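Below is one structure, written out as structure tokens, with a few remarks after it.
The values are calculated or read from the model by the stated rules, or taken from the named source; none is laboratory data. This one's a predicted model, so the numbers in the text were calculated from it and none came from an experiment. A quick note on method: Cβ atoms are made from the backbone with ideal geometry, for glycine too, and the neighbour counts reach across all protein chains shown.
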Amino acid sequence: MKATKGYAGIFGEGLWSNNQMLVGLLGLCPLLATTTSATNGLGMGLATTAVLVCSNATVSLVRNLVRPEIRIPVFVLVIASFVTLVELVMQAFFYEMYLVLGLFISLIVVNCMIIGRAEAFASKHSVDRALVDGLAVGLGATLVLTSLGALRELVGQGTLFNQAELLLGEAGRHLTFHLGDDYQGALIAILPPGAFIGLGLMIALKNLIDKAVKRLSAARRAKPVQAATQPPEPAAG
Amino acid sequence: MKTKTILLAGTVLGAFATSGVALVAVTHAMVDQRIADNQYQAMQRKLAAILPEGASDNDPLRDYIQVEARELLGTDATQVYRVRHGDDPVAVVLEPVVPDGYAGPIRLLVSVMHDGTLGGVRVISHHETPGLGDKIEEAKSDWVYEFKGKSLTDPPPEKWAVKRDGGEFDQFTGATITPRSVVNAVKNTLIYVQNQGDRLFEPASEAAEQPAGDKDR
């Protein structure tokens, strides 16, 4: 990883080219469990983003204070505190949404995406960069969670953003989209295999887009060098 | 030298733990009341949905007793909320647990009017298969509305079963176990209320201080 990268570079990496869910395949547990609808995915994504931004900023602030031997316990403490905060705030202000996501909010603590960013990025960069990184990675995750939720909800239930009012208030009610009453829904999309299939399709789509973009930019440079290097294998997490 | 390093590391770790706890404690103190209110209101809405409108003038969430009836209510300790109008008993609301759901226990909220008819049944939590057994949820189908107005005499006890078993209640395509166990649990709840009679309305030994929603925390 290059030491100096602009905000735009950090942002693009977190959101797309190094998307922790599509490339890193991190955080599969919340991905599988909470993406049964677009609303749930969005709620989970936003909660994760909040924790990521706070933990990244804190870890970056204290990076010179913390001895290397105790950095992991410190990261865990920081993350656990923020997750509990998010959980309390959610219970207080989005109670219905909290009832739906319930247990999985506390499980953000063990989402390796968050400790991964703390260790790999925030502990080595200044606060502003860590903030941008947290926001970008969080939004990248939100994007994936919401799209996968939307896909599963649409195929499995024939609706989109059903019960959006739980998260967005009364205005969210208008977001709900119904495919039509005679659509029975394909159960498999809602069940856990649906999440794997959906995620697989999304990774494939991302790779296709990346390939197309690469081909385009290569053609534009009028230097038809066939890119032989494959992207690195994603690490399992 | 080594001891010093360890001590220093321990101090830093302790400082982080302390500030983390402090942060959580302060937030908790700030939103605690709001969360309790949320739980209370959510429970109130659930009760209102299965009781006739304006039938009571007490607050059942502050007028409850704890009972034990594993055989009939499926759980060792459950709340019985008493709904009254003046001094007259109107209904009781119980939280029985269906012990034999297809995928684990199902928690219900059942209101039984004083004349022995059901005010309504709702599913509070369950783990049934999405798309099959989860039609017991109000959000997924109208099935739970079937119970309203039923009692141990209508239909007679032997008809308290799903249609496949010769009873009166609908089952779902592809899921018989879930509705079968729910029907059975509701029937057992009615039997329990009938057996207990007016004993369920006797004043509690001491006034409940905490609103009941708190135990969900």
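For the reader, a short list of remarks on this structure follows.
- Enumeration of residues in segment A:54-85 that are more than 9 Å from every other protein chain (Cβ to nearest Cβ), surrounded by fewer than 23 Cβ atoms within 10 Å (Cβ to Cβ) and assigned to a helix (DSSP H, G or I): A:C54, A:A57, A:L61, A:P68, A:R71, A:I72, A:V76
- A single member of B:A9, B:A36 is within 8 Å of another protein chain (Cβ to nearest Cβ) and small (G, A, S), and it is B:A9.
- Filter result for the condition that a residue is at pLDDT 90 or above, within 16 Å of the chain's Cα centre (by Cα) and not aromatic (F, W, Y), over B:V21, B:V67, B:V98, B:V26: B:V98
- Only one entry in B:T178, B:T78, B:T153 is more than 14 Å from chain A (Cβ to nearest Cβ) and under 21 Å from A:L187 (Cβ atoms), namely B:T178.
- B:V26 vs. criteria more than 24 Å from A:I70 (Cα to Cα), within 10 Å of chain A (Cβ to nearest Cβ) and surrounded by fewer than 12 Cβ atoms within 10 Å (Cβ to Cβ): yes
- Check on A:F11, in a helix (DSSP H, G or I), out of contact with any His (no Cβ under 9 Å at 6 or more places or on another chain) and within 13 Å of chain B (Cβ to nearest Cβ): no
- When A:G116, A:G102, A:G169, A:G134 are checked against the criterion of being away from chain B (no Cβ under 14 Å) and under 19 Å from A:N40 (Cα atoms), a single residue qualifies: A:G169.
- Matching residues, segment A:23-50, being at pLDDT below 90, under 13 Å from the mean Cα position of the chain (by Cα) and surrounded by fewer than 23 Cβ atoms within 10 Å (Cβ to Cβ): A:V23, A:G24, A:L25, A:L28, A:C29, A:L32
- Residues being closer than 13 Å to A:V53 by Cα and touching a helix residue (DSSP H, G or I) at 6+ places or on another chain (Cβ under 6 Å) - total across segment A:109-122: 6
- All positions within segment B:152-201 that are touching a strand residue (DSSP E or B) at 6+ places or on another chain (Cβ under 8 Å) and either of a type in the set (K, R) or outside any helix (DSSP H, G or I) (or both): B:W160, B:A161, B:V162, B:K163, B:F169, B:D170, B:Q171, B:T176, B:R180
- Within segment A:86-99, residues that are within 9 Å of chain B (Cβ to nearest Cβ) sit with their Cβ atoms under 9 Å from residues that are acidic (D, E) and surrounded by 21 or more Cβ atoms within 10 Å (Cβ to Cβ), at 6+ positions apart or across chains, in these pairs: A:Y98/A:E87.
- Looking across segment A:147-188, the residues that are closer than 17 Å to A:M97 by Cβ and in a helix (DSSP H, G or I) come down to A:G149, A:A150, A:E153, A:E165, A:L166, A:L167, A:L168, A:E170, A:A171, A:G172, A:R173, A:L175.
- Of all the residues in segment B:39-75, those that are within 16 Å of B:V110 (Cα to Cα), within 14 Å of another protein chain (Cβ to nearest Cβ) and either surrounded by 15 or more Cβ atoms within 10 Å (Cβ to Cβ) or touching a residue at least 60 places away in the same chain (Cβ under 8 Å) (or both) number 4.
- A:A92 being of a type in the set (A, V, I, L, M, F, W, C), assigned to a helix (DSSP H, G or I) and under 24 Å from B:T11 (Cβ atoms): no
Residues checked against (1) over 20 Å from B:Y192 (Cα atoms); (2) not assigned by TED's automatic domain parsing to the domain that holds B:G197:
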{"position": "B:A55", "(1), (2)": "yes, yes"}
{"position": "B:V67", "(1), (2)": "no, no"}
{"position": "B:E71", "(1), (2)": "no, no"}
{"position": "B:T78", "(1), (2)": "no, no"}
{"position": "B:Y81", "(1), (2)": "no, no"}
{"position": "B:R84", "(1), (2)": "no, no"}
{"position": "B:D87", "(1), (2)": "yes, no"}
{"position": "B:V90", "(1), (2)": "no, no"}
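- The residues of segment B:80-106 that are part of a strand (DSSP E or B) and surrounded by fewer than 18 Cβ atoms within 10 Å (Cβ to Cβ), listed by number, are B:H85, B:D88, B:P89.
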